[in-house]
Amino acid sequence: MSKKIPEPTTKKRERAFLVGVSVAGNKNILSLEDSLLELSLLSETAGLSVVGQLTQHLAHPNPVTFIGSGKVMELKALTEETLAEVIIFDDELSPRHQRELEKSLGKDVRVLDRTALILDIFAQHANTSEGMLQVELAQYEYYLPRLTGAWTHLARQAGGGGGRAGSVGGVGLRGPGETQLEVDRRSIRNKISHLKKELEKVRSHRQRYRSQRKSSRLPIVVLVGYTNSGKSTLLNLLSNSDVYVADQLFATLDPTTRRVELQGGYQALLTDTVGFIQKLPTTLVAAFQATLEEISEADLLLHIIDISHPNTQGHARSVIETLEAIGASGIPIVNVLNKIDKLAEPKIAQEIITSFPQSVAISAKTGDGLPEMLDLIRKVLYENMVPIKVRLPYNQGQLISLFHETGQIDRIENERTNVLIQGRIPGRVLAQFNSWLDSNSATQNEVQNETDETAIK
């Protein structure tokens, strides 16, 4: 008698219950309902099954449990009713909040916040050694103040279930009068120090690589945008490459660079980067500094915007705020309104496009609008001349030569330690002069505004 072959089994998805809080006076990009919808998508990306949600409006967070005591009781009842195993808050909780909530809700229920959830997703999606280092550093810095006396607490939550963050448990011997918690904290601090040194090597390597790319004189165009806006799909379309694409949040973490052809025989280097999101954890911004420098040193930013999303404006605002936070607000931007193939009426794209300066509507999936986008990129990089006034030290001979070769000089003065040059340069080289802008010249935002107006004309 033949044996029946057992059906393949899939890993059981943990049941997650979401909690959103609206605090009076806080300026959030998304509404409470929309933010919880995004949190639900993040939870699904992390492999969780969302079974319910709870909201509360507060004048200020409860110092002990974040939400009110009555809501804690309601949350406990809903947790038992839905058999939820994980409670996820849409805001970052303090170590005390997390500790008191877990005590109130029971030992079988884990309490996480938005930051921990995003860290978990990043840990699952990091594929390169650089990405793993960056995620591991962010995990350690997040969990260090939350360490409660046992490595099992850290290992259970960090690294997406079996991640790397618990790998240094047991390192070090306990000294006289030293508690195990103190030993654990010292071990984490040592690990953080080691990871920072490793990432500094990565940062130096990236800097050398960027210098080599700049020596080729090809402009560097960096794709930025809200997560899942279609950046990787566009990179694949433009460069005939096969960067991983998935309809989920944070599908791509590691930067990828490809050479692309523009109209008129021009070329550029196109780099895809990690997607942004509202309430981006500060630990991630710090840990991904080496990657984010790819953005701050670009010659042009392609801001990819999902035009089919109901929160198009909010997502775009979140990206701009993040660019300002990392010091990349002075770089020329082309707004690319993507996914027009998902619109019920094509005229919607024309209505939305008027609210974005220097923009074009496309579909990275079908290729619609691609020629217009490439033509706009070419104009910004090679035709638009931006007014600028810089003081360049004499040891910056390469930049002085670059201004002479590519720009139009209206005024030049040799000073004791610098050369003052005023004139106009192509948008593609603007970023290289940002560090030497004269204090009396136009601000970076004024330069950007003039660039936008020129492109529109």
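Candidates in region 305-350 are the residues that are in contact (Cβ under 8 Å) with a residue 40 or more places away in the chain, more than 17 Å from Ile295 (Cα to Cα) and small (Gly, Ala, Ser); of these, the one that is surrounded by the fewest Cβ atoms within 10 Å (Cβ to Cβ) is Gly314. For first residues located in region 190-201 and under 13 Å from Phe288 (Cα atoms), partners that are small (Gly, Ala, Ser) and lie 6+ apart or on another chain with Cβ distances below 8 Å form the pairs Leu199/Ala287; Leu199/Ala290.
Tally up the residues in region 233-251 that are closer than 16 Å to Ile307 by Cα and at pLDDT below 85, please. Give the steps one after another, and end with the answer.
Filtering region 233-251 down to residues closer than 16 Å to Ile307 by Cα leaves 233-234, 247.
From what is left, the residues that are at pLDDT below 85 are 247.
Number satisfying all stated conditions: 1.
Residue-level analysis places Leu292 outside the set of residues that are touching a residue at least 60 places away in the same chain (Cβ under 8 Å) and either surrounded by fewer than 16 Cβ atoms within 10 Å (Cβ to Cβ) or out of contact with any strand residue (DSSP E or B) (no Cβ under 7 Å at 6 or more places or on another chain) (or both).
Out of the residues in region 351-360 that are among the hydrophobic types (A, V, I, L, M, F, W, C) and in a helix (DSSP H, G or I), state the one that is surrounded by the most Cβ atoms within 10 Å (Cβ to Cβ). First the steps, then the outcome.
Pass one, region 351-360, residues among the hydrophobic types (A, V, I, L, M, F, W, C): 352-353, 356, 360.
Still in the list and also in a helix (DSSP H, G or I): 352-353.
On the way: Ile352: 18, Ile353: 16.
Out of the qualifying residues, it is Ile352.
When residues in region 123-141 are screened for being closer than 19 Å to Leu42 by Cβ, in a helix (DSSP H, G or I) and touching a Leu at 6+ places or on another chain (Cβ under 6 Å), 4 of them pass. Evaluated against (1) in contact with a Ser or Thr (Cβ under 6 Å, 6 or more places away or on another chain); (2) at pLDDT below 90; (3) charged (D, E, K, R), Asp341 falls short on exactly one condition, (2).
Within the group Lys191, Lys196, Lys201, which residue is outside the structural domain of Ile304 (by TED's automatic domain parsing) and at pLDDT 90 or above? Before the answer, list the steps.
On the way: Lys196 fails: at pLDDT 90 or above; Lys201 fails: at pLDDT 90 or above.
Answer to the check: Lys191.
In this structure, Gln157 does not qualify as touching a Lys or Arg at 6+ places or on another chain (Cβ under 8 Å), surrounded by fewer than 19 Cβ atoms within 10 Å (Cβ to Cβ) and modelled with pLDDT under 90. Test Phe276 against the criterion of being more than 29 Å from Lys379 (Cβ to Cβ) and either at pLDDT below 80 or crowded, with 18+ Cβ neighbours inside 10 Å (or both), and give yes or no. Against the criterion (more than 29 Å from Lys379 (Cβ to Cβ) and either at pLDDT below 80 or crowded, with 18+ Cβ neighbours inside 10 Å (or both)), Phe276 does not qualify.
Does Ala287 satisfy being at pLDDT below 75 and not assigned by TED's automatic domain parsing to the domain that holds Leu39?
Details: at pLDDT below 75: yes; not assigned by TED's automatic domain parsing to the domain that holds Leu39: yes.
So Ala287 passes the test.
The values are calculated or read from the model by the stated rules, or taken from the named source; none is laboratory data. Keep in mind it's a predicted model, so treat the numbers as computed, not measured. Don't worry about glycine lacking a Cβ; one is built from the backbone with ideal geometry, like all the others, and counts go over all protein chains shown.
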